[in-house]
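Notes follow once the structure below has been shown.
The values are calculated or read from the model by the stated rules, or taken from the named source; none is laboratory data. Predicted, not measured: the structure shown is a model, and the values here were computed from it. We place every Cβ from the backbone using ideal geometry, glycine too, and count neighbours over all the protein chains shown. The area values use the complete protein model at the heavy-atom level, side chains included, leaving out ligands, DNA and RNA. Shrake-Rupley method; radii C 1.70, N 1.55, O 1.52, S 1.80 Å.
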Amino acid sequence: EFIFGHEMGHALQRQLLLANLGLEEDAADGFASFYTVNEVGPGPSLAAAILFDEIARKEGVPTLEGMSSDHPVTQQRAFNFLCYLEGSDPKKYQQSLVDSGYLPKTRAPLCPQAWAMLDYGWWTQLQPHFSAAFRARGDQEQKKAHARLIAETEALAKRIDEIRSSQ
Ligand SMILES: [Zn+2]
């Protein structure tokens with residue numbers, strides 16, 4: 001489901017000629033997270049993180065070929081999948097993903113804002129393409145995502161201040 005989401009991300013970017021602010025492969029991974037976290041649940045992100053972690057272990061030390069790929073380095077993708085999932089509901093995933101050590105404590109504080117930005121980004125990119133039947137729900141989701149992005153951006157600024165003042 002996650003890989004299908006990734007390929008669907010490519011299809012949407014190319015068919016709708018979406019304006020990209022980053023690399024296409026990153027955006028395709030982002031769509032897989034956006035779609036599966038919102039519509040399916042945690043399963044696909046967790047399965048993808050386990051699969052990519054396994055692939056990264058087989059690949060071993062990153063090579064020049066791996067670093068220069070249009071895809072992010074494999075191990076980094078696994079952490080990105082976990083970060084978006086954790087950020088979508090930090091209370092729910094704190095124990096199982098952060099306290100357990102699967103998502104490092106250095107990355108976790110950034111994830112709620114990263115998720116809010118991704119969620120708002122995709123809802124906004126897709127908004128002009130909503131079907132008539134979906135428009136009311138889609139517009140509402142986009143508005144909700146906008147409010148969440150503002151709140152999470154403010155919360156992140158506070159969290160960074162707290163981290164800095166505790167050092
Ligand atoms: Zn791809």
Practice prompt. May I ask you to give the percent of accessible area on the chain that is carbon plus sulfur, with a probe radius of 1.4 Å?
Written response: 59
Fill in: Heavy-atom accessible area per residue - the chain, 1.4 Å, Å²
61
Worksheet item: When the convex hull of the Cα atoms of segment 2-165 is projected onto a plane and the area is averaged over all directions, what value comes out in nm²?
Response: 10.7
Worksheet item: Under DSSP H, which helices of the chain have Cα atoms covering 15 Å or more of the helix axis and a Kyte-Doolittle average no less than -1.0?
Response: 2-15, 24-39, 43-59, 74-88, 111-126
Worksheet item: For segment 1-36 and segment 71-105, what is the separation of their C-alpha centers, rounded to whole Å?
Response: 19
Fill in: Radius, Kirkwood style, for segment 1-70 when every pair of distinct Cα atoms is counted (Å)
13.1
Worksheet item: In debye to the nearest 20, how big a dipole does segment 42-110 give about its Cα centre with +1 on each Lys and Arg Cβ and -1 on each Asp and Glu Cβ?
Response: 220
Practice prompt. Report the charge-dipole magnitude of segment 2-81 in Debye, nearest 20, computed about the Cα centre from +1 at each Lys and Arg Cβ and -1 at each Asp and Glu Cβ.
Written response: 100
Practice prompt. Within the set of other residues whose C-beta is less than 10 Å from the C-beta of Tyr102, count the net charge using Lys and Arg as +1 and Asp and Glu as -1.
Written response: -3
Practice prompt. In debye, nearest 20, what is the charge dipole magnitude of segment 41-156 about its Cα centre with +1 on Lys and Arg Cβ and -1 on Asp and Glu Cβ, if you could check?
Written response: 300
